[in-house]
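Chemist: The following block contains the structure, expressed as structure tokens.
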Amino acid sequence: MSIMLLYVDDEAGPARRLAEAAGLEARAVAEHRFPDREQRNEALLIGPDAESRQWVQQAASATGFAFGVCHKTRHGDREVAIALPEMALRGRRVVLMDDVASTGHTVARAAEALLAGGAASVDLAVTHALFADDALAVIEAAGVGEVWSTDCIVHASNAIPMAPLLAPALTKVLGALY
């Protein structure tokens, strides 16, 4: 039995690289109607590390929100240091965006740094909510308010349905194959 793994970009058909697939997920997050969206009109989108730049920037472009990216230094599996981007944080409502949260330590350290830097609030939008062991408790203890994840992995935080974006893209790809 063989398994085919296909990354889909809704505009270009099959994605040639994983980085191209991030656009679909960033679009899902950007288009999602978050609770109290009108209160987040001046939201600041922040990625916890350089890897997140691609989808945070795309989501910022789609929403018109400002964005920034932290610098992460890993000191072990559960120990990271986060340096904030050089930008005004005081009083800002921050939406921290990441592709995967497993232990929760990276987003927790980023949230703590953002709140210490003056952010009014920090919420989290994550594509894949793996949330191993006590990850959600770690994230909440760091001061994160709301947590929104896509429904790619079933979790109580699921708030962003991917099927409406995946179905047309898959139809296009499969139509080209057959």
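The values are calculated or read from the model by the stated rules, or taken from the named source; none is laboratory data. These figures come from a predicted structure and were not determined experimentally. Backbone-built Cβ (ideal geometry, glycine too); neighbour counts: all protein chains shown.
Chemist: When you check ASP77 against the structure, is it acidic (Asp, Glu) and at pLDDT below 95, yes or no?
Modeler: Yes; evaluated as a whole, the condition is true for this residue.
Chemist: What is the residue count in segment 49-86 for residues that are in a helix (DSSP H, G or I) and not β-branched (Val, Ile, Thr)?
Modeler: Total meeting the criteria: 12.
Chemist: Can I ask one more? Which of the residues that make up segment 71-97 are closer than 13 Å to VAL107 by Cβ and surrounded by fewer than 18 Cβ atoms within 10 Å (Cβ to Cβ)?
Modeler: Residue satisfying the conditions is ARG78 alone.
Chemist: Out of all the residues in segment 136-147, which are out of contact with any helix residue (DSSP H, G or I) (no Cβ under 8 Å at 6 or more places or on another chain) and not charged (D, E, K, R)?
Modeler: Hits for segment 136-147 are LEU136, ALA137, GLY145.
Chemist: Given the residues LEU89, LEU6, which is the only one that is at pLDDT 90 or above, touching a helix residue (DSSP H, G or I) at 6+ places or on another chain (Cβ under 8 Å), assigned to a loop (DSSP other than H, G, I, E, B) and of a type outside the set (Val, Ile, Thr)?
Modeler: LEU89 is the lone residue from the list that is at pLDDT 90 or above, touching a helix residue (DSSP H, G or I) at 6+ places or on another chain (Cβ under 8 Å), assigned to a loop (DSSP other than H, G, I, E, B) and of a type outside the set (Val, Ile, Thr).
Chemist: Right, next: If you go through segment 151-178, how many residues are touching a His at 6+ places or on another chain (Cβ under 9 Å), surrounded by fewer than 18 Cβ atoms within 10 Å (Cβ to Cβ) and among the aliphatic types (A, V, I, L, M)?
Modeler: Selection size over segment 151-178: 1.
Chemist: Of the residues that sit in segment 104-141 and are out of contact with any Asp or Glu (no Cβ under 8 Å at 6 or more places or on another chain) and acidic (Asp, Glu), which one is nearest to ILE46 (Cα to Cα)?
Modeler: Only one residue tops the list, namely GLU112.
Chemist: Give, as residue ranges, the helices (runs of 4 or more DSSP H) completely inside segment 96-178 that count at least 3 residues that are modelled with pLDDT under 95 and over 17 Å from PRO85 (Cα atoms).
Modeler: 163-177
Chemist: Of all residues being charged (D, E, K, R) and without any contact (Cβ under 8 Å) to a residue 24 or more places away in the chain in segment 135-178, which is farthest from GLU79 (Cα to Cα)? Just the residue, please.
Modeler: So, considering only residues that are charged (D, E, K, R) and without any contact (Cβ under 8 Å) to a residue 24 or more places away in the chain, the one farthest from GLU79 (Cα to Cα) is ASP151.
Chemist: With the requirement that a residue be out of contact with any Pro (no Cβ under 8 Å at 6 or more places or on another chain), under 18 Å from PRO161 (Cα atoms) and surrounded by fewer than 18 Cβ atoms within 10 Å (Cβ to Cβ), what does segment 100-150 give you?
Modeler: VAL100, HIS128, LEU130
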